[in-house]
1. Could we say that ASN109 is in contact with a helix residue (DSSP H, G or I) (Cβ under 8 Å, 6 or more places away or on another chain) and within 22 Å of SER28 (Cβ to Cβ) here?
2. Applying the selection to the range 34-72, what residues are in contact (Cβ under 8 Å) with a residue 40 or more places away in the chain and of a type in the set (S, T, N, Q)?
3. So which of TYR106, TYR75 ends up being free of Cβ contacts under 8 Å to residues at least 24 places away in the same chain and open to solvent by less than 60 Å² (accessible area, probe 1.4 Å)?
4. Which ranges mark the helices (runs of 4 or more DSSP H) fully within the range 36-116 that have 3 or more residues being at pLDDT 95 or above and among the hydrophobic types (A, V, I, L, M, F, W, C)?
Amino acid sequence: MAMSAKFYWIPTFFTSALLLSSSTFAESADKFELGKQKAKVCMTCHGENGISTLDPYPNLRGQKYGYLVSALKDYKARDRTSGLAILMQQQAENLSDQDMEDIAYYYSNLGKDSNK
């Protein structure tokens, strides 16, 4: 009897872990879709699937999250000035920090197995 009481928490632990991971997956999918909606204007130059068809514009698909957030903040602050930076400055000035994070999440996860 003491043995079964000792291991009583194991099914509860695994059930809780399963529910938490399901919840996290749903939140990730929601965040991905939110970022996708906010990135619609980005797709004009950077391609619908994050792969640009125009030479002057970089691919964003699979780019690192931190890099994308940093780049968007730099454009907004007008710290990036080379090349076609003026176009990005105009786009970034209308984005909140949350918008930048959502867009960065979308592009950094675009192309991963669960987000093709």
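1. For ASN109, the condition - in contact with a helix residue (DSSP H, G or I) (Cβ under 8 Å, 6 or more places away or on another chain) and within 22 Å of SER28 (Cβ to Cβ) - is met.
2. ASN49, GLN63
3. Going through TYR106, TYR75 in turn, the sole match is TYR75.
4. The helices (runs of 4 or more DSSP H) meeting that bar are 65-76, 85-92, 97-109.
The values are calculated or read from the model by the stated rules, or taken from the named source; none is laboratory data. Here the structure is a predicted model, which means the values were calculated and not measured. Note that we place each Cβ from the backbone using ideal geometry, even for glycine, and neighbour counts take in every protein chain shown. These area figures cover heavy atoms from the full protein model, side chains too; ligands, DNA and RNA do not enter into them. Shrake-Rupley method; radii C 1.70, N 1.55, O 1.52, S 1.80 Å.
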